């Protein structure tokens with residue numbers, strides 16, 4: 001069975017469950033370059049050597065992310081609503097909290113705690 005996980009809250013999303021996909025592209029922005037005749041005839045070898053020297057000890061993934069990064073998120077409906085409200089300040093912990101645990105019911109299910117309104121297995 002195909003399942004997805006909400007990248008906001010970690011909830012398991014089954015294949016046909018309602019989910020949302022967020023695609024983010026972060027690209028370095030450059031102004032349009034104008035190439036002149038001087039640029040075409042100039043020898044760029046020294047500049048290229050210096051650039052390679054600066055980059056040789058850097059992490060390739062870090063260099064790549066400095067130019068382009070693609071991010072894809074799967075979100076459950078609750079996290080999608082939070083994301084839509086403030087996409088630049090998305091924090092999964094802002095989603096609706098899970099329903100509170102009924103401690104008394106839990107204890108009764110273990111055979112501990114006060115009287116239960118639920119019928120017992122022995123008929124009493």
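The values are calculated or read from the model by the stated rules, or taken from the named source; none is laboratory data. Model, not experiment: these values are computed from the prediction. Methodologically, a virtual Cβ is constructed for each residue, glycine included, from the backbone with ideal geometry; neighbour enumeration extends over all protein chains shown.
Let's see how each residue does on (1) within 30 Å of residue 4 (Cα to Cα); (2) assigned to a helix (DSSP H, G or I); (3) modelled with pLDDT of 90 or more; (4) in contact with a helix residue (DSSP H, G or I) (Cβ under 6 Å, 6 or more places away or on another chain):
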residue	(1), (2), (3), (4)
64	yes, yes, no, no
104	no, yes, no, no
113	no, no, no, yes
120	no, no, no, no
123	no, no, no, no
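Within the stretch 66-82, track down each residue that is in a helix (DSSP H, G or I) and either touching a helix residue (DSSP H, G or I) at 6+ places or on another chain (Cβ under 9 Å) or closer than 23 Å to residue 30 by Cα (or both). Hits for the stretch 66-82 are 79, 82. Annotation for the stretch 24-35: no member residue is assigned to a loop (DSSP other than H, G, I, E, B) and surrounded by 11 or more Cβ atoms within 10 Å (Cβ to Cβ).
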